[in-house]
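**Q** Quick one: the structure is below, questions incoming.
The values are calculated or read from the model by the stated rules, or taken from the named source; none is laboratory data. The structure presented is a predicted model; accordingly, all values stated were derived computationally and were not measured. So basically every Cβ, Gly included, is an ideal-geometry build from the backbone, and we count neighbours across all protein chains shown. The accessibility values were calculated without ligands, DNA or RNA, using every heavy atom of the protein model including side chains. Shrake-Rupley method; radii C 1.70, N 1.55, O 1.52, S 1.80 Å.
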Amino acid sequence: MSRQGNAAQEPGRTAPAAAPDARAHARQGAAHEKNNEFVEAIACYGSAIAANQHDLNSWARVGYCMMRLFKLKEALDTFDFVLAIDPRHVDAMYGRAACLESLGDHVAALAAADAVVAAAPDNPTVYPFRAYLRATHGRDPAQTLAGFRDWGRRFADPLTRAAPPPGNDPAPGRRLRIGYVSADLRDHAVAYFVLPVFARHDRRRFEVSVFSAGPADRVTARLRAGVDHWHEVGAMNDAQLAGLIRRRGIDVLIDLSGHSMGNRLLAFARRPAPVQATWLGFLYTTGMEAMDYRITDFDVDPPGRNEAAHSETLFRMRSMACYSPPPDAPLALRPPMEAGGRVTFASLNNLKKVTDEVLRLWKRVLDAVPGSILILIGYERTQEEAIAQQRPRLEAAGLPLDRLCILPRLPLDGFMQLGMKADIALDTFPISGGTTTLHSLWMGLPVVALGGGQAFTSSSAATLHGVGCADLIAADPDDYVARAAALARDPERLAAFRASIRPRMQKSIVMDYDGFVRDLEDAYRLMWLNYVLGEKRYLQTGYDVAAAIAECAAPAEAATA
(Lines give C-alpha, C1' and ligand atoms only; values in the text may rest on other atoms or scores of the structure.)
Protein backbone atom coordinates (compact mmCIF):
# COMPACT_ATOMS: atom_id res chain seq x y z
CA MET A 1 0.00 0.00 0.00
CA SER A 2 2.86 2.32 0.69
CA ARG A 3 6.45 2.81 -0.09
CA GLN A 4 8.71 2.72 2.95
CA GLY A 5 9.94 6.15 4.00
CA ASN A 6 13.55 7.03 4.66
CA ALA A 7 15.09 5.95 7.93
CA ALA A 8 13.38 8.08 10.54
CA GLN A 9 15.29 10.51 12.64
CA GLU A 10 14.74 13.48 14.91
CA PRO A 11 15.14 16.80 13.09
CA GLY A 12 18.77 17.88 13.09
CA ARG A 13 20.03 14.61 14.59
CA THR A 14 21.39 11.44 13.06
CA ALA A 15 19.34 8.39 13.90
CA PRO A 16 21.37 5.62 15.54
CA ALA A 17 21.79 2.43 13.56
CA ALA A 18 19.13 -0.16 14.28
CA ALA A 19 20.26 -3.07 16.39
CA PRO A 20 20.46 -6.40 14.55
CA ASP A 21 17.62 -7.92 16.58
CA ALA A 22 15.46 -4.86 15.85
CA ARG A 23 15.99 -5.34 12.12
CA ALA A 24 15.12 -9.02 12.44
CA HIS A 25 11.90 -8.25 14.28
CA ALA A 26 11.00 -5.65 11.65
CA ARG A 27 11.59 -8.18 8.86
CA GLN A 28 9.34 -10.67 10.64
CA GLY A 29 6.69 -7.97 10.98
CA ALA A 30 6.91 -7.20 7.27
CA ALA A 31 6.48 -10.89 6.43
CA HIS A 32 3.37 -11.14 8.62
CA GLU A 33 1.98 -7.91 7.17
CA LYS A 34 2.44 -9.20 3.62
CA ASN A 35 0.41 -12.28 4.54
CA ASN A 36 -2.38 -10.14 6.05
CA GLU A 37 -1.46 -11.33 9.56
CA PHE A 38 -1.74 -7.91 11.08
CA VAL A 39 -1.96 -8.76 14.79
CA GLU A 40 1.20 -10.84 14.51
CA ALA A 41 2.85 -8.06 12.51
CA ILE A 42 2.10 -5.50 15.20
CA ALA A 43 3.68 -7.77 17.82
CA CYS A 44 6.87 -8.08 15.76
CA TYR A 45 7.05 -4.36 15.05
CA GLY A 46 6.53 -3.78 18.76
CA SER A 47 9.55 -5.97 19.48
CA ALA A 48 11.56 -4.01 16.94
CA ILE A 49 10.60 -0.76 18.67
CA ALA A 50 11.47 -2.21 22.07
CA ALA A 51 14.92 -3.09 20.74
CA ASN A 52 15.39 0.30 19.07
CA GLN A 53 13.29 3.16 20.40
CA HIS A 54 14.24 5.32 17.38
CA ASP A 55 12.67 2.92 14.86
CA LEU A 56 9.98 5.21 13.45
CA ASN A 57 9.63 3.01 10.37
CA SER A 58 8.26 0.21 12.53
CA TRP A 59 5.96 2.67 14.27
CA ALA A 60 4.60 3.69 10.86
CA ARG A 61 4.01 0.07 9.90
CA VAL A 62 2.05 -0.37 13.13
CA GLY A 63 -0.17 2.43 11.85
CA TYR A 64 -0.76 0.60 8.57
CA CYS A 65 -1.59 -2.63 10.40
CA MET A 66 -4.07 -0.72 12.55
CA MET A 67 -5.68 0.57 9.37
CA ARG A 68 -5.96 -2.95 7.98
CA LEU A 69 -7.58 -4.00 11.27
CA PHE A 70 -10.05 -1.12 10.74
CA LYS A 71 -8.87 0.69 13.87
CA LEU A 72 -8.70 4.02 12.11
CA LYS A 73 -8.49 6.33 15.11
CA GLU A 74 -5.58 4.34 16.53
CA ALA A 75 -3.91 4.34 13.12
CA LEU A 76 -4.27 8.10 12.77
CA ASP A 77 -2.88 8.62 16.28
CA THR A 78 0.11 6.41 15.38
CA PHE A 79 0.89 8.34 12.21
CA ASP A 80 0.55 11.64 14.08
CA PHE A 81 2.99 10.35 16.73
CA VAL A 82 5.58 9.54 14.07
CA LEU A 83 5.10 12.88 12.34
CA ALA A 84 5.47 14.78 15.60
CA ILE A 85 9.04 13.42 15.74
CA ASP A 86 9.80 13.47 12.01
CA PRO A 87 7.37 15.73 10.10
CA ARG A 88 8.71 14.50 6.75
CA HIS A 89 8.47 10.75 7.39
CA VAL A 90 7.01 9.73 4.02
CA ASP A 91 5.48 6.44 5.09
CA ALA A 92 3.65 8.12 7.96
CA MET A 93 2.58 11.06 5.79
CA TYR A 94 1.09 8.73 3.19
CA GLY A 95 -0.54 6.56 5.84
CA ARG A 96 -2.13 9.61 7.42
CA ALA A 97 -3.54 10.71 4.04
CA ALA A 98 -4.96 7.24 3.39
CA CYS A 99 -6.41 7.12 6.90
CA LEU A 100 -8.16 10.47 6.45
CA GLU A 101 -9.67 9.23 3.20
CA SER A 102 -10.95 6.09 4.93
CA LEU A 103 -12.50 8.27 7.62
CA GLY A 104 -14.38 10.24 4.98
CA ASP A 105 -12.42 13.48 5.36
CA HIS A 106 -11.69 13.80 1.66
CA VAL A 107 -10.65 17.46 1.71
CA ALA A 108 -8.02 16.85 4.39
CA ALA A 109 -6.93 13.64 2.64
CA LEU A 110 -6.26 15.50 -0.60
CA ALA A 111 -4.27 18.20 1.19
CA ALA A 112 -2.25 15.49 2.93
CA ALA A 113 -1.66 13.69 -0.39
CA ASP A 114 -0.40 16.94 -1.93
CA ALA A 115 2.02 17.28 0.99
CA VAL A 116 3.35 13.74 0.46
CA VAL A 117 4.00 14.38 -3.24
CA ALA A 118 5.85 17.58 -2.35
CA ALA A 119 7.96 15.74 0.22
CA ALA A 120 8.64 12.67 -1.93
CA PRO A 121 8.48 13.58 -5.64
CA ASP A 122 10.27 10.35 -6.59
CA ASN A 123 7.86 8.03 -4.75
CA PRO A 124 5.62 6.22 -7.30
CA THR A 125 2.99 5.20 -4.73
CA VAL A 126 1.62 8.59 -3.76
CA TYR A 127 0.95 10.00 -7.24
CA PRO A 128 -1.90 7.61 -8.14
CA PHE A 129 -3.45 8.02 -4.69
CA ARG A 130 -3.56 11.78 -5.15
CA ALA A 131 -4.88 11.32 -8.70
CA TYR A 132 -7.60 8.99 -7.40
CA LEU A 133 -8.72 11.58 -4.84
CA ARG A 134 -8.76 14.37 -7.41
CA ALA A 135 -10.62 12.24 -9.94
CA THR A 136 -13.22 11.06 -7.47
CA HIS A 137 -13.97 14.32 -5.76
CA GLY A 138 -13.18 16.71 -8.60
CA ARG A 139 -15.12 14.73 -11.23
CA ASP A 140 -13.37 16.42 -14.18
CA PRO A 141 -12.40 13.80 -16.84
CA ALA A 142 -9.47 15.90 -18.07
CA GLN A 143 -8.17 16.25 -14.51
CA THR A 144 -8.59 12.50 -14.00
CA LEU A 145 -6.35 11.76 -16.96
CA ALA A 146 -3.81 14.44 -16.06
CA GLY A 147 -3.35 13.10 -12.54
CA PHE A 148 -2.72 9.51 -13.58
CA ARG A 149 -0.67 10.51 -16.63
CA ASP A 150 1.67 12.37 -14.28
CA TRP A 151 2.45 9.04 -12.61
CA GLY A 152 2.77 7.29 -15.97
CA ARG A 153 5.21 9.82 -17.41
CA ARG A 154 7.39 9.78 -14.30
CA PHE A 155 7.52 6.09 -13.44
CA ALA A 156 5.98 3.76 -16.04
CA ASP A 157 6.60 5.17 -19.51
CA PRO A 158 10.43 5.32 -19.25
CA LEU A 159 10.38 1.57 -18.53
CA THR A 160 8.18 1.00 -21.56
CA ARG A 161 10.48 2.88 -23.91
CA ALA A 162 13.46 0.83 -22.68
CA ALA A 163 11.69 -2.55 -23.05
CA PRO A 164 12.44 -4.82 -26.03
CA PRO A 165 9.37 -5.70 -28.13
CA PRO A 166 7.75 -9.07 -27.42
CA GLY A 167 8.57 -11.74 -29.98
CA ASN A 168 5.22 -13.56 -30.06
CA ASP A 169 4.04 -15.40 -33.17
CA PRO A 170 1.56 -13.00 -34.88
CA ALA A 171 -0.61 -15.73 -36.45
CA PRO A 172 -4.17 -14.32 -36.11
CA GLY A 173 -6.12 -17.53 -35.42
CA ARG A 174 -3.76 -19.58 -33.31
CA ARG A 175 -4.39 -20.65 -29.73
CA LEU A 176 -3.72 -17.61 -27.57
CA ARG A 177 -1.96 -17.51 -24.23
CA ILE A 178 -3.94 -15.38 -21.77
CA GLY A 179 -2.40 -14.13 -18.53
CA TYR A 180 -4.13 -12.60 -15.49
CA VAL A 181 -2.23 -10.59 -12.85
CA SER A 182 -3.75 -9.78 -9.44
CA ALA A 183 -3.07 -9.63 -5.71
CA ASP A 184 -6.77 -10.22 -4.95
CA LEU A 185 -7.31 -13.85 -5.93
CA ARG A 186 -8.75 -14.78 -2.55
CA ASP A 187 -11.90 -13.93 -0.58
CA HIS A 188 -12.23 -10.60 -2.37
CA ALA A 189 -14.77 -9.04 -4.73
CA VAL A 190 -12.50 -9.42 -7.77
CA ALA A 191 -12.12 -13.14 -7.16
CA TYR A 192 -15.87 -13.72 -7.25
CA PHE A 193 -16.13 -11.94 -10.60
CA VAL A 194 -13.38 -14.02 -12.23
CA LEU A 195 -14.31 -17.37 -10.68
CA PRO A 196 -16.86 -18.25 -13.40
CA VAL A 197 -14.48 -16.90 -16.05
CA PHE A 198 -11.48 -19.04 -15.10
CA ALA A 199 -13.64 -22.16 -14.99
CA ARG A 200 -15.21 -21.59 -18.44
CA HIS A 201 -12.40 -20.54 -20.75
CA ASP A 202 -12.31 -22.61 -23.95
CA ARG A 203 -9.05 -24.53 -23.58
CA ARG A 204 -9.04 -25.44 -27.28
CA ARG A 205 -8.58 -21.78 -28.17
CA PHE A 206 -6.96 -20.30 -25.05
CA GLU A 207 -4.25 -21.35 -22.62
CA VAL A 208 -4.74 -19.57 -19.29
CA SER A 209 -2.00 -18.54 -16.85
CA VAL A 210 -2.48 -16.69 -13.57
CA PHE A 211 0.18 -14.63 -11.82
CA SER A 212 -0.99 -14.29 -8.21
CA ALA A 213 0.75 -11.57 -6.21
CA GLY A 214 -1.20 -11.83 -2.95
CA PRO A 215 -1.99 -14.23 -0.11
CA ALA A 216 -4.03 -17.38 -0.63
CA ASP A 217 -7.12 -18.79 1.08
CA ARG A 218 -9.96 -21.25 0.38
CA VAL A 219 -11.22 -19.15 -2.55
CA THR A 220 -7.74 -19.23 -4.09
CA ALA A 221 -7.92 -23.02 -4.32
CA ARG A 222 -11.18 -22.82 -6.27
CA LEU A 223 -9.70 -20.27 -8.66
CA ARG A 224 -6.53 -22.27 -9.14
CA ALA A 225 -8.46 -25.38 -10.14
CA GLY A 226 -9.87 -23.58 -13.18
CA VAL A 227 -6.67 -22.54 -14.96
CA ASP A 228 -3.81 -24.20 -16.84
CA HIS A 229 -0.87 -22.56 -15.02
CA TRP A 230 -0.69 -20.83 -11.65
CA HIS A 231 2.35 -18.79 -10.60
CA GLU A 232 2.84 -17.39 -7.09
CA VAL A 233 4.72 -14.15 -7.76
CA GLY A 234 4.35 -12.18 -4.54
CA ALA A 235 8.06 -12.53 -3.75
CA MET A 236 9.13 -11.34 -7.21
CA ASN A 237 9.94 -7.73 -8.00
CA ASP A 238 8.35 -6.10 -11.03
CA ALA A 239 11.29 -6.79 -13.34
CA GLN A 240 11.33 -10.46 -12.37
CA LEU A 241 7.57 -10.76 -12.88
CA ALA A 242 7.80 -9.14 -16.31
CA GLY A 243 10.58 -11.58 -17.22
CA LEU A 244 8.45 -14.57 -16.18
CA ILE A 245 5.47 -13.33 -18.20
CA ARG A 246 7.68 -12.82 -21.25
CA ARG A 247 9.19 -16.32 -20.90
CA ARG A 248 5.69 -17.81 -20.68
CA GLY A 249 4.93 -16.23 -24.05
CA ILE A 250 1.75 -14.51 -22.88
CA ASP A 251 -0.12 -12.92 -25.79
CA VAL A 252 -2.89 -11.02 -23.96
CA LEU A 253 -2.08 -9.88 -20.40
CA ILE A 254 -4.92 -8.73 -18.14
CA ASP A 255 -4.44 -6.47 -15.11
CA LEU A 256 -7.14 -6.97 -12.45
CA SER A 257 -5.94 -4.26 -10.05
CA GLY A 258 -5.30 -0.91 -11.68
CA HIS A 259 -3.80 1.33 -9.00
CA SER A 260 -5.41 -0.56 -6.12
CA MET A 261 -3.39 -2.18 -3.36
CA GLY A 262 -0.94 -4.88 -4.46
CA ASN A 263 -0.93 -3.86 -8.12
CA ARG A 264 1.95 -4.80 -10.43
CA LEU A 265 1.57 -2.05 -13.00
CA LEU A 266 5.31 -1.51 -13.21
CA ALA A 267 5.60 -5.07 -14.52
CA PHE A 268 3.11 -4.13 -17.25
CA ALA A 269 5.20 -1.01 -17.91
CA ARG A 270 8.03 -3.30 -19.05
CA ARG A 271 5.73 -4.49 -21.90
CA PRO A 272 6.04 -8.27 -21.34
CA ALA A 273 3.05 -9.04 -23.62
CA PRO A 274 1.98 -7.67 -27.02
CA VAL A 275 -1.57 -6.88 -25.83
CA GLN A 276 -2.20 -5.49 -22.34
CA ALA A 277 -5.55 -4.50 -20.83
CA THR A 278 -6.91 -3.48 -17.44
CA TRP A 279 -10.22 -4.87 -16.23
CA LEU A 280 -12.46 -4.96 -13.14
CA GLY A 281 -10.35 -3.86 -10.20
CA PHE A 282 -10.12 -0.10 -10.78
CA LEU A 283 -12.65 1.96 -12.76
CA TYR A 284 -10.14 4.69 -13.58
CA THR A 285 -7.33 5.00 -16.10
CA THR A 286 -3.86 3.66 -15.29
CA GLY A 287 -2.27 6.65 -17.08
CA MET A 288 0.48 4.52 -18.69
CA GLU A 289 1.46 4.08 -22.34
CA ALA A 290 1.91 0.31 -22.02
CA MET A 291 -1.71 -0.38 -21.09
CA ASP A 292 -3.50 -0.70 -24.42
CA TYR A 293 -7.13 -1.08 -23.34
CA ARG A 294 -9.55 -0.76 -20.46
CA ILE A 295 -12.32 -3.35 -20.78
CA THR A 296 -15.75 -1.86 -20.16
CA ASP A 297 -19.28 -1.87 -21.60
CA PHE A 298 -21.77 0.50 -23.20
CA ASP A 299 -23.66 1.25 -19.98
CA VAL A 300 -20.67 2.02 -17.76
CA ASP A 301 -18.88 4.00 -20.49
CA PRO A 302 -21.26 5.16 -23.24
CA PRO A 303 -19.34 6.03 -26.43
CA GLY A 304 -18.02 9.57 -26.40
CA ARG A 305 -18.50 10.24 -22.69
CA ASN A 306 -15.38 9.04 -20.90
CA GLU A 307 -12.65 8.69 -23.52
CA ALA A 308 -11.10 11.97 -22.35
CA ALA A 309 -10.45 10.45 -18.92
CA HIS A 310 -8.31 7.56 -20.23
CA SER A 311 -4.84 6.96 -21.62
CA GLU A 312 -6.11 3.51 -22.68
CA THR A 313 -8.47 2.80 -25.55
CA LEU A 314 -11.88 1.76 -24.21
CA PHE A 315 -12.93 -1.69 -25.44
CA ARG A 316 -16.64 -2.32 -24.93
CA MET A 317 -18.34 -5.66 -24.29
CA ARG A 318 -22.01 -6.50 -23.84
CA SER A 319 -21.35 -6.39 -20.07
CA MET A 320 -18.06 -5.66 -18.37
CA ALA A 321 -18.51 -8.31 -15.66
CA CYS A 322 -20.58 -11.26 -14.52
CA TYR A 323 -21.80 -11.93 -11.00
CA SER A 324 -21.50 -15.05 -8.86
CA PRO A 325 -23.73 -14.60 -5.78
CA PRO A 326 -22.83 -16.04 -2.38
CA PRO A 327 -24.44 -19.45 -1.90
CA ASP A 328 -27.41 -19.86 0.45
CA ALA A 329 -28.13 -16.14 0.74
CA PRO A 330 -31.61 -15.79 2.30
CA LEU A 331 -34.49 -13.97 0.62
CA ALA A 332 -37.61 -12.69 2.38
CA LEU A 333 -40.47 -12.43 -0.10
CA ARG A 334 -42.30 -9.74 1.87
CA PRO A 335 -40.64 -6.41 2.77
CA PRO A 336 -39.58 -6.16 6.45
CA MET A 337 -41.56 -2.90 6.78
CA GLU A 338 -44.75 -4.97 6.99
CA ALA A 339 -43.65 -6.71 10.18
CA GLY A 340 -41.63 -3.84 11.64
CA GLY A 341 -44.14 -1.11 11.05
CA ARG A 342 -41.68 1.34 9.53
CA VAL A 343 -39.50 1.62 6.44
CA THR A 344 -35.85 0.68 6.74
CA PHE A 345 -33.37 2.15 4.28
CA ALA A 346 -29.82 0.82 4.11
CA SER A 347 -26.51 1.93 2.68
CA LEU A 348 -24.57 -1.30 2.34
CA ASN A 349 -21.40 0.33 1.07
CA ASN A 350 -19.00 1.02 3.91
CA LEU A 351 -18.85 4.60 5.10
CA LYS A 352 -15.46 5.14 3.48
CA LYS A 353 -17.37 5.75 0.24
CA VAL A 354 -19.86 8.15 1.79
CA THR A 355 -19.24 11.87 1.32
CA ASP A 356 -20.80 14.62 3.40
CA GLU A 357 -22.91 15.52 0.36
CA VAL A 358 -24.39 12.03 0.36
CA LEU A 359 -25.11 12.18 4.09
CA ARG A 360 -27.05 15.39 3.59
CA LEU A 361 -29.03 13.78 0.78
CA TRP A 362 -29.89 10.82 2.99
CA LYS A 363 -31.21 13.24 5.59
CA ARG A 364 -33.60 14.51 2.92
CA VAL A 365 -34.71 10.91 2.25
CA LEU A 366 -35.43 10.34 5.95
CA ASP A 367 -37.29 13.64 6.12
CA ALA A 368 -39.42 12.58 3.15
CA VAL A 369 -40.38 9.29 4.83
CA PRO A 370 -41.43 10.05 8.43
CA GLY A 371 -40.52 7.36 10.94
CA SER A 372 -38.11 5.60 8.60
CA ILE A 373 -34.67 4.48 9.75
CA LEU A 374 -31.33 4.11 7.98
CA ILE A 375 -28.81 1.29 8.41
CA LEU A 376 -25.18 2.30 7.86
CA ILE A 377 -22.12 0.03 7.77
CA GLY A 378 -18.90 1.41 9.19
CA TYR A 379 -15.30 0.58 8.42
CA GLU A 380 -14.66 -0.56 12.00
CA ARG A 381 -14.62 -4.01 13.61
CA THR A 382 -17.08 -3.37 16.47
CA GLN A 383 -20.33 -1.46 16.71
CA GLU A 384 -19.00 0.68 19.53
CA GLU A 385 -16.00 1.73 17.44
CA ALA A 386 -18.21 2.42 14.42
CA ILE A 387 -20.56 4.65 16.39
CA ALA A 388 -17.73 6.54 18.10
CA GLN A 389 -15.85 7.01 14.83
CA GLN A 390 -18.75 8.06 12.61
CA ARG A 391 -20.94 10.03 15.01
CA PRO A 392 -19.30 13.45 14.48
CA ARG A 393 -19.78 13.27 10.70
CA LEU A 394 -23.37 12.12 11.00
CA GLU A 395 -24.23 14.87 13.48
CA ALA A 396 -22.58 17.50 11.27
CA ALA A 397 -24.75 16.38 8.34
CA GLY A 398 -27.87 16.85 10.47
CA LEU A 399 -28.87 13.19 10.46
CA PRO A 400 -31.14 12.23 13.37
CA LEU A 401 -29.08 9.77 15.40
CA ASP A 402 -32.17 8.15 16.88
CA ARG A 403 -33.13 7.01 13.36
CA LEU A 404 -29.77 5.49 12.49
CA CYS A 405 -28.50 1.96 13.01
CA ILE A 406 -24.71 1.96 12.67
CA LEU A 407 -23.20 -1.47 12.18
CA PRO A 408 -19.53 -2.52 12.13
CA ARG A 409 -17.89 -4.23 9.19
CA LEU A 410 -19.67 -7.56 8.66
CA PRO A 411 -18.57 -10.97 7.39
CA LEU A 412 -20.20 -11.95 4.11
CA ASP A 413 -22.77 -14.31 5.64
CA GLY A 414 -23.84 -11.62 8.13
CA PHE A 415 -23.90 -9.00 5.39
CA MET A 416 -26.21 -11.14 3.24
CA GLN A 417 -28.69 -11.29 6.13
CA LEU A 418 -29.41 -7.57 5.82
CA GLY A 419 -32.02 -8.20 3.14
CA MET A 420 -34.13 -9.64 5.95
CA LYS A 421 -33.88 -6.32 7.84
CA ALA A 422 -33.91 -3.59 5.19
CA ASP A 423 -36.50 -2.61 2.58
CA ILE A 424 -34.62 -0.28 0.22
CA ALA A 425 -30.90 0.25 -0.51
CA LEU A 426 -29.42 3.71 -1.12
CA ASP A 427 -26.38 3.91 -3.38
CA THR A 428 -23.41 6.22 -2.82
CA PHE A 429 -21.81 8.81 -5.10
CA PRO A 430 -19.46 9.93 -6.57
CA ILE A 431 -18.14 6.38 -6.02
CA SER A 432 -21.08 4.10 -6.67
CA GLY A 433 -21.45 0.50 -5.58
CA GLY A 434 -20.05 -2.46 -7.50
CA THR A 435 -20.26 -5.85 -5.86
CA THR A 436 -22.35 -4.30 -3.09
CA THR A 437 -25.05 -3.27 -5.56
CA LEU A 438 -25.25 -6.80 -6.98
CA HIS A 439 -25.36 -8.30 -3.48
CA SER A 440 -28.13 -5.85 -2.51
CA LEU A 441 -30.22 -6.79 -5.53
CA TRP A 442 -29.71 -10.50 -4.82
CA MET A 443 -31.02 -9.88 -1.30
CA GLY A 444 -34.19 -8.44 -2.80
CA LEU A 445 -33.41 -4.78 -2.16
CA PRO A 446 -34.17 -2.20 -4.86
CA VAL A 447 -31.12 0.08 -5.13
CA VAL A 448 -31.77 3.79 -5.70
CA ALA A 449 -28.78 5.20 -7.64
CA LEU A 450 -27.69 8.28 -9.56
CA GLY A 451 -26.87 7.88 -13.24
CA GLY A 452 -24.31 9.51 -15.49
CA GLY A 453 -20.71 10.55 -15.07
CA GLN A 454 -17.43 8.64 -15.29
CA ALA A 455 -17.20 4.87 -14.85
CA PHE A 456 -16.64 4.96 -11.09
CA THR A 457 -19.82 7.00 -10.65
CA SER A 458 -22.06 4.95 -12.91
CA SER A 459 -21.37 1.29 -12.13
CA SER A 460 -24.57 0.89 -10.09
CA ALA A 461 -26.63 2.56 -12.81
CA ALA A 462 -25.05 0.26 -15.40
CA THR A 463 -25.91 -2.79 -13.28
CA LEU A 464 -29.49 -1.62 -12.91
CA HIS A 465 -29.76 -1.17 -16.68
CA GLY A 466 -28.32 -4.64 -17.18
CA VAL A 467 -30.90 -6.38 -15.00
CA GLY A 468 -33.88 -4.39 -16.26
CA CYS A 469 -34.23 -2.01 -13.30
CA ALA A 470 -33.69 1.34 -15.01
CA ASP A 471 -36.66 2.75 -13.06
CA LEU A 472 -34.38 2.88 -10.01
CA ILE A 473 -31.90 5.27 -11.64
CA ALA A 474 -32.31 8.90 -10.61
CA ALA A 475 -31.46 11.82 -12.86
CA ASP A 476 -30.42 14.16 -10.02
CA PRO A 477 -30.52 14.41 -6.21
CA ASP A 478 -34.16 15.63 -6.15
CA ASP A 479 -35.17 12.66 -8.28
CA TYR A 480 -33.15 10.36 -5.98
CA VAL A 481 -35.20 11.50 -2.96
CA ALA A 482 -38.46 11.20 -4.90
CA ARG A 483 -37.74 7.65 -6.11
CA ALA A 484 -36.69 6.48 -2.64
CA ALA A 485 -39.82 7.98 -1.07
CA ALA A 486 -42.09 6.47 -3.75
CA LEU A 487 -40.69 3.01 -3.07
CA ALA A 488 -41.22 3.49 0.66
CA ARG A 489 -44.92 4.18 0.07
CA ASP A 490 -45.47 1.05 -2.02
CA PRO A 491 -45.02 -2.22 -0.11
CA GLU A 492 -46.62 -4.23 -2.92
CA ARG A 493 -44.07 -2.92 -5.37
CA LEU A 494 -41.31 -3.93 -2.93
CA ALA A 495 -42.80 -7.41 -2.60
CA ALA A 496 -43.06 -7.78 -6.37
CA PHE A 497 -39.44 -6.70 -6.71
CA ARG A 498 -38.31 -9.32 -4.20
CA ALA A 499 -40.23 -12.05 -6.01
CA SER A 500 -38.84 -11.18 -9.44
CA ILE A 501 -35.29 -9.90 -9.01
CA ARG A 502 -33.38 -13.19 -8.73
CA PRO A 503 -34.99 -14.75 -11.84
CA ARG A 504 -34.45 -11.45 -13.64
CA MET A 505 -30.75 -11.43 -12.73
CA GLN A 506 -30.33 -15.07 -13.66
CA LYS A 507 -31.73 -14.41 -17.13
CA SER A 508 -29.54 -11.35 -17.72
CA ILE A 509 -26.01 -11.12 -19.12
CA VAL A 510 -24.86 -10.47 -15.55
CA MET A 511 -25.35 -14.16 -14.71
CA ASP A 512 -25.09 -15.69 -18.20
CA TYR A 513 -21.65 -17.09 -17.45
CA ASP A 514 -21.16 -19.05 -20.67
CA GLY A 515 -22.33 -16.13 -22.80
CA PHE A 516 -20.18 -13.68 -20.87
CA VAL A 517 -17.02 -15.77 -21.21
CA ARG A 518 -17.56 -16.22 -24.96
CA ASP A 519 -17.94 -12.45 -25.25
CA LEU A 520 -14.78 -11.89 -23.20
CA GLU A 521 -12.86 -14.35 -25.34
CA ASP A 522 -14.07 -12.54 -28.46
CA ALA A 523 -12.73 -9.34 -26.91
CA TYR A 524 -9.31 -10.94 -26.38
CA ARG A 525 -9.23 -12.28 -29.93
CA LEU A 526 -10.24 -8.93 -31.43
CA MET A 527 -7.57 -7.13 -29.40
CA TRP A 528 -5.07 -9.66 -30.72
CA LEU A 529 -6.20 -9.02 -34.29
CA ASN A 530 -5.71 -5.30 -33.71
CA TYR A 531 -2.13 -6.07 -32.70
CA VAL A 532 -1.55 -8.25 -35.75
CA LEU A 533 -3.04 -5.61 -38.05
CA GLY A 534 -1.10 -2.78 -36.39
CA GLU A 535 -4.27 -0.71 -35.96
CA LYS A 536 -7.14 -0.61 -33.46
CA ARG A 537 -9.84 -1.63 -35.91
CA TYR A 538 -12.04 -3.58 -33.48
CA LEU A 539 -13.08 -1.78 -30.30
CA GLN A 540 -16.17 -3.74 -29.24
CA THR A 541 -17.51 -7.24 -29.33
CA GLY A 542 -20.31 -8.25 -31.68
CA TYR A 543 -18.18 -8.84 -34.78
CA ASP A 544 -18.07 -12.18 -36.61
CA VAL A 545 -14.75 -13.23 -35.09
CA ALA A 546 -14.15 -16.11 -37.50
CA ALA A 547 -14.60 -13.76 -40.45
CA ALA A 548 -12.31 -11.18 -38.81
CA ILE A 549 -9.60 -13.83 -38.33
CA ALA A 550 -9.93 -14.90 -41.98
CA GLU A 551 -9.74 -11.31 -43.19
CA CYS A 552 -6.66 -10.67 -41.04
CA ALA A 553 -4.96 -13.87 -42.24
CA ALA A 554 -5.64 -13.29 -45.95
CA PRO A 555 -2.87 -10.72 -46.64
CA ALA A 556 -0.24 -12.91 -44.96
CA GLU A 557 -1.38 -16.01 -46.88
CA ALA A 558 -1.36 -14.08 -50.14
CA ALA A 559 2.17 -12.83 -49.48
CA THR A 560 3.34 -16.38 -48.74
CA ALA A 561 1.75 -17.70 -51.92
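**Q** Given a 1.4 angstrom probe, I'd like the percentage of the accessible area of the range 300-425 that is carbon and sulfur, rounded to a whole number.
**A** For the range 300-425, the apolar C and S fraction of the accessible surface comes to 53 percent.
**Q** Next question. Projected onto the charge dipole of the chain (+1 at Lys/Arg Cβ, -1 at Asp/Glu Cβ, origin at the Cα centre), which of GLY104, CYS405, PRO166 gives the Cα projection farthest towards the positive end?
**A** Positive-most Cα among the choices belongs to PRO166.
**Q** What is the distance in Å between the Cα centroid of the range 83-145 and that of the range 380-398?
**A** Each part's Cα centre sits 23 Å from the other's.
**Q** Skipping prolines and chain starts, which residues have an amide H placed within reach, meaning under 5 Å, of the one on GLU207, given they are 5 or more residues away or on another chain?
**A** The list, which skips near neighbours in sequence, is LEU176, ARG177, ILE178.
**Q** Run the numbers on the chain and let me know its relative contact order in percent, using alpha-carbon pairs under 8 Å that are six or more apart.
**A** That works out to 12 percent.
**Q** Express the carbon and sulfur contribution to the solvent-accessible surface of the range 191-287 as a percent, rounded to the nearest whole number, probe 1.4 angstrom.
**A** So the carbon and sulfur contribution to the accessible surface is 51 percent.
**Q** Starting from the Cα-Cα distance between GLN383 and LYS352, subtract it from 0.36 nm times their residue separation and give me the gain in nm to one decimal.
**A** Residue separation times 0.36 nm, minus the Cα-Cα distance, leaves 9.6 nm.
**Q** Determine, for the chain, the count of lysine pairs separated by eight or more sequence positions (or lying on different chains) whose alpha-carbon distance falls under 24 Å.
**A** Value for the chain: 12.
**Q** Then there's this: Show the residues, 5+ positions off or on another chain, whose built amide H is closer than 5 Å to the amide H of LEU348.
**A** LEU426
**Q** With n ≥ 4 as the cut-off for DSSP H runs, can you work out [θ] at 222 nm for the chain, using -39500 (n - 2.57) per run divided by the number of residues, rounded to the nearest 500?
**A** After summing the helix terms and dividing by the residues of the chain, the value is -14500 deg cm²/dmol.
**Q** May I pose another question? Find the accessible area per residue for the chain; the probe is 1.4 Å, ligands and nucleic acids are left out, and the unit is Å².
**A** Counting only protein heavy atoms, the per-residue value for the chain is 39 Å².
**Q** Taking H placed 1.01 Å from N in the peptide plane, check which residues at least 5 places from GLN276 or on another chain put their amide H under 5 Å from its amide H.
**A** HN-HN under 5 Å from GLN276: LEU253, ASP292, TYR293.
**Q** May I pose another question? Using the per-residue mean of other Cβ atoms lying within 10 Å as a proxy for protection, in what order, highest first, do the peptides 343-353, 295-305, 41-51 fall?
**A** 343-353, 41-51, 295-305
**Q** Something else: Which order do peptides 465-471, 437-443, 174-180, 87-93 fall in by mean Cβ count within 10 Å, highest first?
**A** 437-443, 87-93, 174-180, 465-471
**Q** Leaving ligands, DNA and RNA out of it, report the carbon-plus-sulfur percent of the accessible area of the range 451-543 at a 1.4 Å probe.
**A** Answer for the range 451-543 is 51 percent, counting heavy atoms of protein chains only.
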